[in-house]
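Just below is one structure, and these are the notes that go with it.
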Amino acid sequence: MTLLSSCADVSYNGDRCISKPLLLTKYFAEESPTKPDISGLAITTKDPHEKLQLSYSLGNGIPTVLGRGGYCMVFKAEDLKSGQLVALKKSRTPLRVKRPFLQHESRVLQLLQGHPAIPKLYGYGHLKHFEYLSMEILGSSVSDKTTEALTVITVIRIVEQTLCALKHVHKHGLVHRDIKPGNLICSMNDPSKIMLIDFNIAKPISSGPPTTNDPINKIKHTAGTPEWASLNSHRRIDFGPGDDLESLAYTALSLLRGNLPWFNDDIYESFLQSEIRIHKVKAAMSASQLVMHFPTDFAYFLDYSRGLDYHEMPDYNALEDRLRCLAESLGGYSKDDPLDWTSVPSVKIEPQIEQSSLNGTDDDVNYGKDNGDSDSERHTNSYFGDDIDCWDDVHSCRDADITLPTEVEELADSQVQVPTIIEVYGY
Ligand SMILES: Nc1ncnc2c1ncn2[C@@H]1O[C@H](COP(=O)(O)OP(=O)(O)O)[C@@H](O)[C@H]1O
Ligand SMILES: [Mg+2]
């Protein structure tokens, strides 16, 4: 059986043919900068009724966990027919849930297939209690590789590759919304290649003006991960491409410095307290304060992303040129060189804000009520306990606003047939 993994290299695949791409212009104005480009990515089986089915095994013993996130665990699994090893993302989602997270992630990956920084999608299935998404197995994430400071050249190489991935995502009319070191992951075959994962809160760029009625607002949290979130995300304003770029700038700064002034390891701070503190410290610090001791190009990067209008597409080429010039001024690098994960001394700067002012809330932002959850509870209060009934419907169902327009979903499904995962053995 040939799997969807062949998306990027369809030529060898005798079972499939490339259909003429159906552009999504119906949903994105012709002149819109966010018009998705899916040329060359559209794949159908010769028999439109043929639906490939996949069965996986997690092995006989304790399964290998590749990673875990907010609502999911990712396991190493084996395709029972082909023997291929895959990454199997698993989320507890009862069948009654109408808008499962991983189904959305699968559709987003369908649209994005074919780019070297996007993992290959193999299959999706929603079984009785869980949904599954299988994809190309990758190596360690940047945050698993290091929590220390890295050399400027390594940071440039990570940022350049992420920028290239973001350009692809934005060109398809989507925003990722959770750019951070944990979602940048090394390719298994080539550890110097960085790939972008975790598309379960990616959403279409709204065609109208930005709304402050972001779905995340309903659960009173910053969209994405507060440490790397854009200032607009803290203010509950809907995401545009510039917000992903701003998160990439914080990612770069955290890798350059080994920390950010709003990092805090106080595990007794509640989630709400940490959101408020992070927002205040972040908003109080200028790019030049944050970038102190490092090349000013990174301050430019942050200022540039903070200054972009909601619908404005970043000038990726100009940013890439700037990074290339900076790399050359530092001696350059060869693309074939492995990424240098050697730690360098970290640089700490104190938050530029009075400690006492961190206690109040920002009048402009509806933070909701503090439910008192401390970080320690957040990490132990897992969705992956033994009791199926403890799954919380509200959390397992994504908001309607995150969903792609129905027509786009249908189009994605009609062009890229994703094999169905019908069985998963073990665990
Ligand atoms: N394709 C993959 N190959 C290897 N590890 C992966 C893969 N996808 C995810 N992981 C690991 O699992 C972790 C959680 O996955 P992620 O997609 O970020 O889940 P969540 O949506 O819950 O944040 C990642 O940080 C990474 O360590
Ligand atoms: Mg993640």
* State whether one or more residues within segment 171-178 are within 18 Å of Pro116 (Cβ to Cβ), touching a residue at least 24 places away in the same chain (Cβ under 8 Å) and within 11 Å of the chain's Cα centre (by Cα). => yes
* Only one residue in Gly70, Gly83, Gly125 is modelled with pLDDT under 90 and small (Gly, Ala, Ser), so which one is that? -> Gly70
* Asked: Within the set of pairs 6 or more residues apart or between chains, which connect a residue that is closer than 17 Å to Arg92 by Cα inside segment 58-72 to a residue that is among the polar types (S, T, N, Q) and not in a loop (DSSP other than H, G, I, E, B) with Cβ atoms less than 6 Å apart?
  -> Tyr71/Ser91; Cys72/Ser91
* Hey, among the residues in segment 133-149 that are part of a strand (DSSP E or B) and either within 16 Å of ligand 2 (Cβ to nearest atom) or in contact with a helix residue (DSSP H, G or I) (Cβ under 7 Å, 6 or more places away or on another chain) (or both), which one's farthest from Glu78 (Cα to Cα)? -> Ala149
* To do: Being within 13 Å of ligand 2 (Cβ to nearest atom), among the basic types (Lys, Arg) and surrounded by fewer than 23 Cβ atoms within 10 Å (Cβ to Cβ) is the filter here, so list the residues in segment 150-202 that pass it.
  => Lys180
* Structure fact -> Of the residues in segment 36-61 that are at pLDDT 90 or above and among the hydrophobic types (A, V, I, L, M, F, W, C), the one that is farthest from ligand 1 (Cβ to nearest atom) is Leu52
* To do: Of the numbered conditions (1) modelled with pLDDT of 95 or more; (2) more than 28 Å from Asp144 (Cα to Cα), Asp364 fails exactly one; give the number of that condition.
  => (1)
* Do you know which of the residues in segment 124-139 that are surrounded by fewer than 24 Cβ atoms within 10 Å (Cβ to Cβ) and within 13 Å of ligand 1 (Cβ to nearest atom) is farthest from Asp413 (Cα to Cα)? -> Gly139
* Give me the pairs, please: first residue somewhere in segment 187-203 and in contact (Cβ under 8 Å) with a residue 60 or more places away in the chain and in a strand (DSSP E or B), second residue anywhere and near ligand 1 (Cβ under 10 Å from one of its atoms) and of a type in the set (A, V, I, L, M), beta-carbon distance under 9 Å, and either six or more positions apart or on two chains. => Ile194/Val142; Ile194/Leu184; Ile194/Ile185; Met195/Leu138; Met195/Leu184; Met195/Ile185; Leu196/Leu184; Leu196/Ile185
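Considering each residue of segment 64-79, count those that are touching a Ser or Thr at 6+ places or on another chain (Cβ under 6 Å), within 11 Å of ligand 2 (Cβ to nearest atom) and part of a strand (DSSP E or B), and give that number. Talk me through it step by step, then tell me what you get.
If we filter segment 64-79 for residues that are touching a Ser or Thr at 6+ places or on another chain (Cβ under 6 Å), which is where we start, we get 71-72, 76, 78.
Now drop any that are not within 11 Å of ligand 2 (Cβ to nearest atom), which leaves 71-72.
Imposing the further condition that a residue be part of a strand (DSSP E or B) reduces the set to 72.
So the count comes out to 1.
The values are calculated or read from the model by the stated rules, or taken from the named source; none is laboratory data. Note that the structure is predicted; figures quoted are calculated from it, not measured. Note that each Cβ is placed from the backbone with ideal geometry, even for glycine, and that neighbours are counted across all protein chains shown.
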